[in-house]
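All remarks here apply to the structure that follows.
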Amino acid sequence: MHRQENRQGTVWLLAGTGDGPRLAAVLISQGFRVHVSVVGASAADPYRGMDVEGIHVGALAGSQAILQWLQMISVDWVVDATHPFALRISDQLNQACKGSGQELVRFERRMEASGKAVVLGSMTDLADHPLSGRRLLLALGARQLVEAAKVARDAGATVFARVLPSPMSLIQAAAAGVPPEHLAVVRPLQGPEPGALEAALCRRWGITDVVCRQSGGATEALWANLSMEMGFELWLLRRPSPIAEVPVVHSVSQLLAHLNGTTS
């Protein structure tokens with residue numbers, strides 16, 4: 001995809017979801033200069049062939065570090081497309097941008113209907129449901145794992161977990177008391193057919209319930225589809241509300257309209 005000759009300005013895109021590469025490609029095609037920031041090296045791979053100004057790999061250490069980056073790369077807009085549950089980085093971005101007068105916009109995909117899934121306001125809500133004899137798979141982020149495992153066990157469930165292949169995930173799984181034979185260390189949607197690995201885990205462990213985050217996108221859609229096909233119960237941990245003072249867009253067209261100073 002080639003960059004247009006007309007230059008629209010410079011964007012710093014912080015991406016923690018699968019939407020990042022698509023957003024970067026469209027912005028570049030519309031004439032924007034784009035800097036990208038991702039947490040891990042594998043997340044940077046989809047951007048390698050793009051005409052981006054630069055790729056920053058690694059966590060940003062607080063609002064002061066963000067301010068330093070803003071001084072180094074001099075951007076017109078910051079686009080926060082981090083994961084909906086990555087509350088800390090979104091708050092730090094807001095604080096840094098407010099302190100420097102930097103334009104900030106939040107990109108957040110729309111929430112889709114997920115069949116008969118039950119939405120949990122917090123993990124403690126799971127304790128209100130009788131889970132004795134249930135075999136419950138936690139497909140959550142590492143930060144929610146310890147609390148979720150405790151609540152589920154207290155409600156009578158046998159707990160299993162699917163975690164990402166990262167040191168933090170393994171540490172949290174051990175802290176949650178998930179035994180190795182009940183733990184799968186995999187990335188979502190891997191394999192020749194997306195969803196085949198998750199379905200195989202559910203069959204192998206005889207899973208009756210799955211808990212995942214209401215984050216939207218491919219992973220949530222996968223669990224919604226599998227719950228309908230395989231008949232297990234799906235529980236969704238409610239997506240946090242975005243920061244009220246930060247403008248929010250839900251599509252590429254809305255993002256472009258916002259950056260161009262128009263309404264969609």
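Key figures
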item	result
Computed over the stretch 118-237, Kirkwood Rh from alpha-carbon pairs, angstrom	14.1 Å
Helical mean residue ellipticity (222 nm; -39500 (n - 2.57) per DSSP H run of 4+; nearest 500) of the chain	-11000 deg cm²/dmol
Rule-of-thumb Rg ratio for the chain [Cα; 2.2 N^0.38 Å; N residues]	1.08
Length-normalised contact order for the chain - Cα pairs under 8 Å, 6+ apart - percent	17 percent
Fluctuation leader among Q144, Q68, Q172 - the chain, Gaussian network, Cα springs under 10 angstrom	Q68
Net charge dipole size for the stretch 120-264 [Lys, Arg +1 and Asp, Glu -1 on Cβ; Debye, nearest 20]	240 debye
Footprinting exposure proxy for M72, M123 (fewest neighbouring C-beta atoms within 10 Å first)	M72, M123
Cβ-derived FRET efficiency at R0 25 Å, A175 paired with T124, nearest 0.05	0.90
Potential extension, L164-V185 segment - 0.36 nm per residue separation minus Cα distance	7.0 nm
Computed over the stretch 70-119: relative contact order in percent, which uses C-alpha pairs under 8 Å that are six or more apart	43 percent
Förster-model FRET efficiency, 45 Å R0, N260 and R153, C-beta, rounded to 0.05	0.30
Prolate/oblate/rounded call for the stretch 1-121, Cα gyration tensor, a/c under 1.5 rounded	oblate
Considering only the stretch 118-237, percent of DSSP beta bridges that pair antiparallel, nearest 5	0 percent
Residue order, fewest to most surrounding Cβ atoms within 10 angstrom, among V36, V118	V118, V36
Packing-based exposure ordering (other Cβ within 10 Å, fewest first) of R22, R134, R110	R110, R22, R134
Gained length - A59 relative to E245, 0.36 nm times residue gap less alpha-carbon distance	64.6 nm
Positive-end extreme of charge dipole, the chain - chosen from P194, A149, S251 (charges on Cβ)	A149
Check: the chain dipole with +1 on Lys, Arg Cβ and -1 on Asp, Glu Cβ, in debye	240 debye
Positive minus negative residues near E245 (Lys, Arg vs Asp, Glu; Cβ under 12 Å)	+1
Contact order normalised by residue count of the stretch 118-237, Cα under 8 Å, 6+ apart, percent	29 percent
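Here, each number is a calculation from the coordinates, and none is a lab measurement. Note that this is a predicted model, so its numbers are computed, not measured. As a convention, Cβ positions derive from the backbone with ideal geometry for all residues, glycine included, and neighbour counts pool all protein chains shown.
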